[in-house]
1. Given the criteria within 16 Å of the ligand (Cβ to nearest atom) and assigned to a loop (DSSP other than H, G, I, E, B), does G115 qualify?
2. Please pick out the residue among L271, L250 that is more than 16 Å from the ligand (Cβ to nearest atom), hydrophobic (A, V, I, L, M, F, W, C), modelled with pLDDT of 95 or more and assigned to a helix (DSSP H, G or I).
3. Could you count how many residues in the range 219-238 are touching a Ser or Thr at 6+ places or on another chain (Cβ under 8 Å) and among the hydrophobic types (A, V, I, L, M, F, W, C)?
4. Given the options I72, I68, I82, I108, name the one that is over 25 Å from V173 (Cα atoms), touching a Lys or Arg at 6+ places or on another chain (Cβ under 9 Å) and surrounded by fewer than 20 Cβ atoms within 10 Å (Cβ to Cβ).
5. Kindly indicate which of F110, F93, F141 is touching a residue at least 24 places away in the same chain (Cβ under 8 Å), away from the ligand (no atom under 13 Å from the Cβ), among the aromatic types (F, W, Y) and closer than 27 Å to K22 by Cβ.
6. Among the residues of the range 1-52, which ones are in a helix (DSSP H, G or I), within 21 Å of the chain's Cα centre (by Cα) and touching a residue at least 24 places away in the same chain (Cβ under 8 Å)?
7. Restricting to the range 152-180, name every residue that is more than 16 Å from the ligand (Cβ to nearest atom) and of a type in the set (V, I, T).
8. Tell me the helices (runs of 4 or more DSSP H) entirely within the range 394-502 that contain at least 3 residues that are more than 26 Å from P249 (Cβ to Cβ) and modelled with pLDDT of 95 or more.
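The values are calculated or read from the model by the stated rules, or taken from the named source; none is laboratory data. Computed from a prediction, not measured in an experiment: that's the story for all the values here. We place every Cβ from the backbone using ideal geometry, glycine too, and count neighbours over all the protein chains shown.
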Amino acid sequence: MANVFLVGAGPGDPGMLTLRAKEIIETCDVMIYDYLANADFLKWCKPDCEILYVGKKGGDHTLPQDKINDLIVEKAKSGQTICRLKGGDPYVFGRGGEEGEELVEAGIDFEVVPGITAGVAAPAYAGIPVTHRDHTTSVCFITGHEDPTKSESGHNWAVYGQSTSTLVFYMGVGNLPMIAENLMKNGRAADTPVALVRWGTRCNQTSMVSTLENVAAEAEARKWKAPSIIIVGGVCALHDKLAWFEKKPLLGKGVVVTRAREQASGLVNTLRGLGACVHEFPTISVEHLDDYNEVETAILQLARYQWVVFTSVNGVKFFWEQLAAIGLDSRIFGGMEIAAIGPATADALRERGIIPDFVPDKYVAEHVVSGLLERGIQGSDVLIPRARVAREVLPEELKKAGCNVTVLPVYETKLVQASGEEIEEAMKSGAIRYVTFTSSSTVENFFELISPETLRCYPDVKIASIGPVTSKTVARFGFTPALEPEEYTIPGLVEALLADNK
Ligand code: SAH
């Protein structure tokens, strides 16, 4: 079996990586990667994976190609599994062919994992099908930046100029005037549509459509930069009609997500799906307690309670984990009444076979109490499995109603020891539009990592808070949330962001 893999990482959208590529990233011993449109994939590497960056950005070569080849061969000979990861497809202007030849010469077996090349993906995300029966019968991938050491150009401009092919240029921004000029000189009409797509498929994608005649001046005026794909041909005229990605309501909007990493994926994926540039900045982490004796005792005496009130998905998750640890399951609840403080917590219960007897209409502690009282909770024995530190409103109010309340910590949230530097840099560059807070502890910990004084330097950054309790904590630090949803849930928060961008 081969131990070297030349792998395509796709054009940048994290979803545009193949399953096979992911598998190799997750299992390789050595990762040798280029300047990628998205380096997020590296987080899938094994903890002990050796990660080597050999990329180049512009003219700045970290390692010349022959040294890269030597490195791959040397690492391969050690018998470890090597992932050689390249942007887009490894064999499309990626010098993967050269690396393959070196491996063959060294007698090393390898496999290729094709990737989605930018020349197809960037146009598709800009609403440009590279072929279309009304416009062209072929497509041609061309380098806009030939090997400068070559004595004669490999470009046959006469052929490009006279063909009706869609022409897709890689690495061409610097040579745009020359490209447009040569195509017109060789027969392409001056009004042929041309599109430029920068950072295709990523949340910061931008595009422009012009004509061969005007594109160089327009790109210059807009200070257009690499990395961009240049598309020439009638298909570019479809951009207006078919542009779907650039219509996303939050496209390019920088949103900071402060939720714990374990909980953030739903929000992160929704925001990404709406086009936002999500900056994951978990300020809290959800952790096991050191000792579960108290939980075990409570579980064994569960029959004492008439009500169990779950206040978070984590409360459910950690409670069931301990149930399983002592060999029990959902049957232990028997005929007991079970409440969930919000829809996500209710879903977590349903997943475990429990249909909650009570879910409030509004998702803050105060409403839970009045709803529970309507259901006749007064005077009952109530168990509340939850975080070690949490608001006391719910237990206090239930006590006032004559309940015998037991608060049972089943997990704790801790401050993540992270640096706020990256987020601060992003704020400085104007890349952040919103900071989202989904609980008071995310607010408190955020301001541990980024001081209120620092945040005050960026008045364009808006705070989006999930609900009134979180907003009150925000106010304690001297800020007023610009956004607070009507429904105090994650979907409600997303709605508020959308409404702010209408
Ligand atoms: N092997 C890569 C291409 C490498 S050459 C592939 O198959 O996509 C590098 C050039 O690819 C850049 O100069 C730019 O023209 C293009 N490119 C790569 N990613 C891009 C992206 N996300 N958006 C626009 N162009 C991109």
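1. Values: within 16 Å of the ligand (Cβ to nearest atom): yes; assigned to a loop (DSSP other than H, G, I, E, B): yes.
Answer is yes for this residue.
2. Just one listed residue meets the conditions, L271.
3. Qualifying residue count for the region: 4.
4. Working: I72 fails: surrounded by fewer than 20 Cβ atoms within 10 Å (Cβ to Cβ); I68 fails: surrounded by fewer than 20 Cβ atoms within 10 Å (Cβ to Cβ); I82 fails: surrounded by fewer than 20 Cβ atoms within 10 Å (Cβ to Cβ).
Just one listed residue meets the conditions, I108.
5. Criteria check complete, one pass: F110.
6. P14, M16, R20, A21, I24, I25, D40, F41
7. Result: V159, T164.
8. Passing ranges, in order: 452-456, 468-476.
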